[in-house]
Amino acid sequence: MSDQTLSTAYPSETDFPSAKPIAEQLRFALNYAILAPSSHNSQPWHFMIQDNFALVCADRTRALAVVDPYDRELTISCGAALLNLRVALSYFGLPYAITPFPYSAESDVLAQIQVCADGFIDPELKKLFHAIPKRKTNRNSFAHSPVPAELQKQMGEAAAAEGVTLTCIDAEDQRKAIAGLVSEADHKQFADPQFRRELASWIHSSRRNDGLPVYAYGISSILNNATPLVNAVVRTFDIGNNIAASHLQLAEGSPLLACISTAPDNAQTWLAVGQALERVLLVVAEAGFDASYLNQPIEVPALRSRLHLLAGGEPSPQILLRIGKAATTLASPRRPLGDVLW
């Protein structure tokens with residue numbers, strides 16, 4: 001996953017078109033949906049609006065065939081955008097009803113949201129609205145100060161509200177064991193030339209509104225920030241040893257790891273995981289803490305069950321987070337709303 005940024009066109013909440021038709025209000029709310037995180041900052045979503053309906057759709061032209069062959073992370077990313085949309089609608093006082101996967105013959109339509117008088121406004125989500133622009137993926141080293149038990153409790157409650165399980169891991173021996181698994185996954189992924197080529201394509205200098213920053217994946221600790229050089233090195237050489245060492249240090253040094261897991265492992269569940277993920281991230285950001293991802297053991301099928309044994313929770317780990325506090329980080333680019341509204 002990757003983070004969000006505030007583009008120069010980011011709207012002020014005071015510009016909400018309260019006197020305009022529902023379709024215009026939905027369009028405005030989508031400015032917040034697109035600030036969701038996504039794998040490789042691929043932003044694999046598009047939206048359609050008609051009258052008082054909005055459709056959240058998967059853009060499978062942005063799928064990651066190597067690291068995400070079943071579109072699991074793609075669906076999670078779209079779920080995160082859906083959660084942000086729910087937050088914005090609740091904040092602006094627009095009651096809504098959600099229908100996941102409304103068309104059995106059209107799997108790209110992941111959710112339909114209808115603004116309607118007998119819909120729902122979530123007061124808890126409304127409280128998280130101002131956390132949307134605060135949330136950023138922070139890949140820096142975290143301070144050693146512990147994450148408060150109360151925040152851990154709130155994270156678990158946020159995940160549970162979306163129907164999934166979140167397990168917090170702060171014991172040093174567990175964190176070190178999981179860090180070793182992350183390192184092992186790094187070695188396996190970077191040994192695969194197809195993985196390296198796919199990753200390099202998302203760090204390419206031609207990307208302006210999407211893709212990963214150079215400092216992602218711990219690469220900045222190995223190379224300078226010259227993007228064409230980074231792209232060539234990632235594509236051509238197995239730098240897994242260096243990446244694994246960097247991520248091992250990050251994982252071991254993070255005061256808290258958190259694993260989101262489920263019992264089922266299907267598209268419906270992944271959409272719920274995306275909403276739970278973003279809800280947790282907004283709770284974390286609102287509390288003044290940072291988060292980033294260590295999903296590599298979940299992306300390597302042979303290691304996923306081992307992560308479950310270490311992290312606990314449900315049988316299918318979906319997201320592995322590290323939580324703490326770090327220095328301010330740079331933000332990733334965002335595609336304009338016009339590019340994703342069809």
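The values are calculated or read from the model by the stated rules, or taken from the named source; none is laboratory data. Predicted model, so just to flag it, every value in this text is computed and none were measured. Don't worry about glycine lacking a Cβ; one is built from the backbone with ideal geometry, like all the others, and counts go over all protein chains shown. Accessible surface is based on the protein model in full, side chains and every heavy atom, while ligands, DNA and RNA are left aside. Shrake-Rupley method; radii C 1.70, N 1.55, O 1.52, S 1.80 Å.
Some points to look at:
- Residue check for Ile203: modelled with pLDDT of 95 or more and open to solvent by less than 10 Å² (accessible area, probe 1.4 Å): no
Residues checked against (1) among the acidic types (Asp, Glu); (2) modelled with pLDDT of 95 or more; (3) assigned to a helix (DSSP H, G or I); (4) touching a Cys at 6+ places or on another chain (Cβ under 8 Å):
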site	(1), (2), (3), (4)
Leu82	no, yes, yes, no
Leu85	no, yes, yes, no
Ala88	no, yes, yes, no
Gln114	no, yes, no, no
Ala117	no, yes, no, no
Ser145	no, no, no, no
Gln152	no, yes, yes, yes
Gly156	no, yes, yes, yes
Glu184	yes, no, yes, no
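- Of the residues making up the range 266-313, those that are under 21 Å from Ser254 (Cβ atoms), among the aromatic types (Phe, Trp, Tyr) and surrounded by 21 or more Cβ atoms within 10 Å (Cβ to Cβ) number 1.
- Residue match in the range 164-177 (condition: part of a helix (DSSP H, G or I), out of contact with any Ser or Thr (no Cβ under 7 Å at 6 or more places or on another chain), over 17 Å from Asn295 (Cα atoms) and at pLDDT 95 or above): no
- Among the residues making up the range 287-315, a single one is farther than 23 Å from Phe195 by Cβ, in contact with a Cys (Cβ under 8 Å, 6 or more places away or on another chain) and aliphatic (A, V, I, L, M): Ala311.
- Looking across the range 43-78 at every residue that is in a loop (DSSP other than H, G, I, E, B) and among the polar types (S, T, N, Q), the one that is surrounded by the most Cβ atoms within 10 Å (Cβ to Cβ) is identified as Gln43.
- Condition met for Ser316 (among the hydroxyl-bearing types (Ser, Thr, Tyr), free of Cβ contacts under 8 Å to residues at least 60 places away in the same chain, open to solvent by 10 Å² or more (accessible area, probe 1.4 Å) and farther than 18 Å from Ala258 by Cβ): no
- Cβ-Cβ distances below 9 Å connect the following pairs, each with a first residue in the range 87-108 that is without any contact (Cβ under 8 Å) to a residue 40 or more places away in the chain and within 21 Å of Glu286 (Cβ to Cβ), a second residue that is assigned to a loop (DSSP other than H, G, I, E, B) and among the hydrophobic types (A, V, I, L, M, F, W, C), and a separation of six or more residues or different chains: Ser90/Ile121; Ser90/Leu128; Gly93/Ile121.
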